[in-house]
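Let me begin by presenting the structure, written as structure tokens, before commenting on it.
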Amino acid sequence: MGENRKPDWDSALARARAHAPFLARALDRQPELAALLAAGEGEAALAWARSQGLHPDTEVALRRERLALAAALAVGDLAGAFPLARVVGELSGFADRALDRAIRTAIAERTGEERADGFIALALGKQGAGELNYSSDIDPILLYDRERLPRRASDDPGEAAQRYARRVVALLSGNSDEGYALRVDLRLRPQSEISPLAVPVGAALAHYQGQALAWERAAFTRARAAAGDVAAGEDFLAAIRPFVWRSQLDFGAIEEISALTQRIRDSHSGPPIPGPHFDVKRGRGGIREIEFYAQTHQLIHGGRDLSLRVRGTRHALDALASAGWIAPEHSQMLGEGYDRLRAIEHRLQMVNDRQTHSLPEGDALDNVARLDGLADAAALVEELTALTGRTGRIYDELICTRTSAPAPMPEASDLAQELAALGFEEPETLAERIESWRDGRHAAIRSPQAVAAWDRLAPALIRAMAASDDPMRAVTRWERIVESVPSAITTFRLLDARPELTRRLVAALTLAPVLSDELARKPDLLDTLVDRDALELPGDRAAIMARMRGAAVRDDYEALLDAIRVITGEIRFALGIQLIEGLADPLEIARALSRTAEAALTLAAEATVAEFASKHGMIADSELLILGLGRLGGGALTHASDLDIVYLFTGDFAAQSDGARPLGGTVYYNRLASRVSAALSVPTAQGALYEVDTRLRPQGNQGPLAVSCEAFGKYQREAAWTWEHMALTRARVLYGSPAARAELEAVLAQVLHAPRDREALRDAVLGMRAEMARHKHPGGPIDAKLMRGGLVDLEFLVHYLQLRGETADGTPLAASVPQALDPDLGVALAGLAAAGLVPEGLAAPHALMSRMLVAGRMLAPDGSTPPPSGARALARACGHESYEGLLAAFADARAQVAAAWKQILGPDILADEQETQS
């Protein structure tokens, strides 16, 4: 019945009485309810039904409420007044209330206390999803906490829990003159064939964290703490969340669901297409297959995409479509089909209040069709045939591509012939090498499942390696992954399920040793490339921080530090792929790397400050500040950058903290700074994060790790060297309150804008650059940083002009062209050009060499000439068609920088370089 059509209560009541003996009896037994329904008072009828649960006798109350609710909802459903979501929601709500009351009654009967501390009922299946039907079983898992369970002093906790469980089942399922309340099935509990009805929380945790089966993961996508000690139930579900929602993409879920589907189809004796005895739940294209379709995609992607962690089938289909994991038309077709199948299932169960899903035969099928409002059985069968055909085809597309057995890997001799045909050198030796990967010596390919997954993947991967510019480099680096990881089955399945990732994997293996090394440590980084926005630049700092917070598996400090490392690693890896494939400008990648580092630093500092304060308290009118310098201060990192930071604090260094273990100000902030550095650099279970360099602080490694803003300003004004002031030109406050930032920025401005002797400044800059050139030599011909005329010379030139601090006519830069003092070198160059202090053309050399630096750290880390494939990728990243064209542009850029250097500072640095080399 259409959503906008007026409810037809008369027709609904007539059909209920004519075609549903159970509903007819229920209406006769409840004339007051029947009268409300006849008057079209649907909401009043539901309220009356709920009021039946107020009877003081639990068994009577639950049975009467259930009967009244079933009749009211059924007639409202038939009338078109209550949509499916309302019907199943009301039925699920009743199940929750009934289960909770039964638990409290069982405990009260034994202890005299109507409370449920430590006794948990988790709802699974349709109750957990809020999709219960008219005659559903409920499938709870009953857990108990031995320490908190209410019981008599003489009762053993385990025995008391089993007594309560048995009584709960009897209160709900037992038949009496009033009927029954709910059928209860406890077989979804851990190891149900040997475990007690109520399972200790500790035993359940151990099971799900180490012994659970694949179907249990799918079941827990719908799990909900429904009754009893709900808070404890929610804590339990949070504890097993990593079991349900795996952080690594698991395309093995498709194979597991496929096998389960095949077993169901094989064991189902009904017809494969709609007609008498067709099962609308288990049949092809039926309710269960639509549920499996949604759950399978949730299991694959829900560990990474939090938007998919929803319970209801329709909600899951909608979420999957919104996130781009399934086609919108499939979501709509399956969702509408699901609703209609559930409605037909309800009609089947309304007739005699039986838990049936099969179409009857003969007149009984006509009866169901007419109860639904159709003309006859033929109309119902015709509709179901079309519907299940559509949904079944969509489901078959999911599972059929994964059910065929992989072709076995050829014997070494046959493999050698294939390798020779693909162009590999020494194919016989290579064939033996590849065959050795699956001989059981490597943990990654040891189990039968892993061998099967490898055999399925291997042909495509080997072909992709052969098509690369350096096949043997790809083979060798892939071998490192196989040798270093304890398990690679999910990686094999991922690459097999998403063939486009194989090309990207081979590119990473051949072009970027940094990415290859990361994959050897964490193969699940490939998962990041499946995300719909993986090959887009990450959002702003706030968005990255939100992603990091969302990845924490627990609400504690260590879990947050792990999450920061996981997300940082994923973003850096994805940005590396974008870089080698030329999908984003290296300058944008540099800014994205900086935003990621700033997000990690901010979140780690916030968490560490709170953790530290929980033990040592806070210092009044005082706080930690973090100053970023170098490339971090300039907001443009490379994949190889460390974090140059300085720790400062506001307030009185002699003040004391107010915690249980108070500390003086200097000790407090030095210990806190050390903790923040550790949070950013010490490896955890998820690996390392950043190298933190604090040597730019006052007095370098000889000085304290954190100093007050006052002491910092005094040092910079009275004792700092020129190179330290040059470092401050790229300083940016990264952490601290607005007021504290303003205080520090005032100190920086005072230092940087102080008048200086031009000649002394010039001599100091030239001396520092000459000293640096003597001790730090370029790594190769494309070292855009250290080659004379490169980025270091350009940075020295800019910093000299920034510290000089005025235009040619003596006007302060801070007043006339403030952007010339920006820590971002590109912005500063534009400002200096506007002030007439540098040629306008220097922006292009800076951009080119910055691109070379960012891309080169990935493709040619030491600055030497990369292999041909890497050279092409480097040229492409820098906007040139060929490597030769890039070298020519680099030479021109250096010449432009050298000309500006000679014009402003005097020496001809390229001539000096040639003289030094000769």
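The values are calculated or read from the model by the stated rules, or taken from the named source; none is laboratory data. Since the model is a prediction, treat every value here as computed from it, not as a measurement. Using ideal geometry, Cβ is built from the backbone for each residue, glycine included, and neighbour counts are taken over all protein chains shown. Heavy atoms of the whole protein, side chains included, go into the accessibility calculation; ligands, DNA and RNA do not. Shrake-Rupley method; radii C 1.70, N 1.55, O 1.52, S 1.80 Å.
Below are the figures for this structure:
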{"item": "Segment 236-254, subset under 14 Å from W215 (Cβ atoms) and at pLDDT 70 or above, residue least open to solvent (accessible area, probe 1.4 Å)", "result": "V244"}
{"item": "Flag for T638 being open to solvent by less than 20 Å² (accessible area, probe 1.4 Å) and not in a helix (DSSP H, G or I)", "result": "yes"}
{"item": "Which listed residue, of V553, V530, V609, is open to solvent by 50 Å² or more (accessible area, probe 1.4 Å) and among the β-branched types (V, I, T)", "result": "V553"}
{"item": "Any hit, segment 155-164, residues being closer than 24 Å to R354 by Cα, out of contact with any Cys (no Cβ under 9 Å at 6 or more places or on another chain) and without any contact (Cβ under 8 Å) to a residue 12 or more places away in the chain", "result": "no"}
{"item": "Selection status of L632, in a strand (DSSP E or B), on the phi < 0 side of the Ramachandran plot, touching a strand residue (DSSP E or B) at 6+ places or on another chain (Cβ under 9 Å) and modelled with pLDDT of 95 or more", "result": "no"}
{"item": "Segment 352-376 - residue that is without any contact (Cβ under 8 Å) to a residue 40 or more places away in the chain and over 17 Å from A12 (Cα atoms) and, of those, least open to solvent (accessible area, probe 1.4 Å)", "result": "A364"}
{"item": "Output for segment 110-127, where each listed residue is more than 16 Å from L172 (Cβ to Cβ) and open to solvent by 10 Å² or more (accessible area, probe 1.4 Å)", "result": "R110, T111, G112, E113, E114, R115, D117"}
{"item": "So R86, is it among the charged types (D, E, K, R), at pLDDT 95 or above and under 24 Å from A106 (Cα atoms)", "result": "no"}
{"item": "Unmet criterion (only one of (1) in contact with a Gly (Cβ under 9 Å, 6 or more places away or on another chain); (2) surrounded by 23 or more Cβ atoms within 10 Å (Cβ to Cβ)) for D822", "result": "(2)"}
{"item": "Selection within segment 837-891 - surrounded by 20 or more Cβ atoms within 10 Å (Cβ to Cβ) and polar (S, T, N, Q)", "result": "S850"}
{"item": "Looking only at segment 74-109, and only at residues there that are assigned to a helix (DSSP H, G or I), closer than 16 Å to A45 by Cβ and touching a residue at least 60 places away in the same chain (Cβ under 8 Å), the one that is most open to solvent (accessible area, probe 1.4 Å)", "result": "D77"}
{"item": "Residue pairs meeting the criteria (Cβ under 6 Å; at least 6 apart or on separate chains; first open to solvent by 40 Å² or more (accessible area, probe 1.4 Å), in segment 898-912; second assigned to a helix (DSSP H, G or I) and not aliphatic (A, V, I, L, M))", "result": "D908/K902"}
{"item": "Selection count, segment 287-342, where residues are out of contact with any Ser or Thr (no Cβ under 6 Å at 6 or more places or on another chain), outside any helix (DSSP H, G or I) and small (G, A, S)", "result": "4"}
{"item": "So T261, is it more than 18 Å from the chain's Cα centre (by Cα) and either modelled with pLDDT of 90 or more or under 30 Å from Y144 (Cα atoms) (or both)", "result": "no"}
{"item": "Checklist (1) crowded, with 22+ Cβ neighbours inside 10 Å; (2) modelled with pLDDT of 90 or more; (3) farther than 15 Å from A123 by Cβ applied to G233, failing item", "result": "(3)"}
{"item": "Odd one out for A764 among (1) open to solvent by 40 Å² or more (accessible area, probe 1.4 Å); (2) in contact with a Ser or Thr (Cβ under 8 Å, 6 or more places away or on another chain)", "result": "(1)"}
{"item": "Meets criteria (in a helix (DSSP H, G or I) and open to solvent by less than 10 Å² (accessible area, probe 1.4 Å)) for L797", "result": "yes"}
{"item": "Residues that are open to solvent by 30 Å² or more (accessible area, probe 1.4 Å), of a type in the set (D, E) and either in contact (Cβ under 8 Å) with a residue 40 or more places away in the chain or closer than 22 Å to H301 by Cβ (or both), drawn from segment 485-527", "result": "D496, E500, E518, D524"}
{"item": "Residues of segment 383-430 that turn out to be surrounded by 15 or more Cβ atoms within 10 Å (Cβ to Cβ) and modelled with pLDDT under 85, as a count", "result": "7"}
{"item": "Elements of type helices (runs of 4 or more DSSP H) contained in segment 496-599, each with 2 or more residues being modelled with pLDDT under 90", "result": "500-511, 513-521"}
{"item": "Failed condition for D137, given (1) among the acidic types (D, E); (2) under 33 Å from the mean Cα position of the chain (by Cα); (3) within 30 Å of A70 (Cβ to Cβ)", "result": "(2)"}
{"item": "Residues (part of a strand (DSSP E or B) and of a type in the set (F, W, Y)) located in segment 641-655", "result": "Y647, F649"}
{"item": "Candidate set from segment 310-351 (those that are open to solvent by 20 Å² or more (accessible area, probe 1.4 Å), among the basic types (K, R) and in contact (Cβ under 8 Å) with a residue 60 or more places away in the chain); member that is nearest to V87 (Cα to Cα)", "result": "R314"}
{"item": "Answer residue from segment 652-702, given it is without any contact (Cβ under 8 Å) to a residue 24 or more places away in the chain and under 24 Å from the mean Cα position of the chain (by Cα) and is most open to solvent (accessible area, probe 1.4 Å) among those", "result": "P683"}
{"item": "Matching residues in segment 703-716 - criterion: being open to solvent by 20 Å² or more (accessible area, probe 1.4 Å) and in contact with a helix residue (DSSP H, G or I) (Cβ under 7 Å, 6 or more places away or on another chain)", "result": "P704, L705"}
{"item": "Hey, A719 open to solvent by 50 Å² or more (accessible area, probe 1.4 Å), at pLDDT below 95, within 23 Å of P907 (Cβ to Cβ) and among the hydrophobic types (A, V, I, L, M, F, W, C) or not", "result": "no"}
{"item": "Residue in segment 616-635 that is surrounded by fewer than 15 Cβ atoms within 10 Å (Cβ to Cβ) and basic (K, R) present", "result": "no"}
{"item": "Whichever residue in segment 110-144 is assigned to a strand (DSSP E or B) and small (G, A, S) and, among such residues, is farthest from K281 (Cα to Cα)", "result": "A121"}
{"item": "Number of the condition not met by D809 [criteria: (1) more than 30 Å from T510 (Cα to Cα); (2) touching a residue at least 60 places away in the same chain (Cβ under 8 Å); (3) not polar (S, T, N, Q)]", "result": "(2)"}
{"item": "Scope segment 131-148; condition crowded, with 23+ Cβ neighbours inside 10 Å and under 21 Å from A238 (Cβ atoms); matching residues", "result": "P140, I141, L142, L143, Y144"}
